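Comments concern the structure below.
Laboratory data are not the source of any read-out in this text; all were calculated from the coordinates shown. Everything numeric in this text was worked out from a predicted model, so none of it was measured. In this analysis, Cβ positions are derived from the backbone assuming ideal geometry, glycine residues included, and neighbour counts consider all displayed protein chains.
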Amino acid sequence: MSATEWLRARAVELGASLCTAGILIGGVAAGVPFLRARIPEVFLYSFCCVSAVLLRAVIGLAVRAVTLGARAFAGAHILISPLSRSPAGVVR
């Protein structure tokens, strides 16, 4: 997945979570009885919904950075001496 596609997907997720949070908070502001009875839960859910998307994006970026770094180091060849050249001459 290219960077543009990844950004577009995260933007859609963020937009959906902001829309959900906006609908919930708008419902409280409009006076929906079910939501007015649970005002703290509405704000907590709205915050968690948006922050979960942001946290997922940060974790995704971290994984991509580690993967990119690992691929950069994968180009270097590690030389392993053959078993017959071990100092003790014994294979364990």
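Modelled this way, with points 7 Å down the Cα-to-C-beta line, the labels at residue 4 and residue 30 are 3.8 nm from one another.
How many nm separate the modelled label positions at residue 13 and residue 63, each set 7 Å beyond the Cα in the direction of the Cβ? Reported label-point gap for residue 13 and residue 63 is 0.9 nm.
Projecting the Cα atoms of 53, 27, 15 onto the charge dipole of the range 3-72, computed from C-beta unit charges around the Cα centre, puts 53 farthest toward the positive end. Couplings 3J(HN,Hα) of the range 16-33, computed from phi: 5, 5, 5, 5, 4, 4, x, 5, 5, 5, x, x, 5, 5, 6, x, 5, x Hz, in residue order, whole Hz [Karplus 6.51 cos²θ - 1.76 cosθ + 1.60, θ = phi - 60°; x for Gly and Pro].
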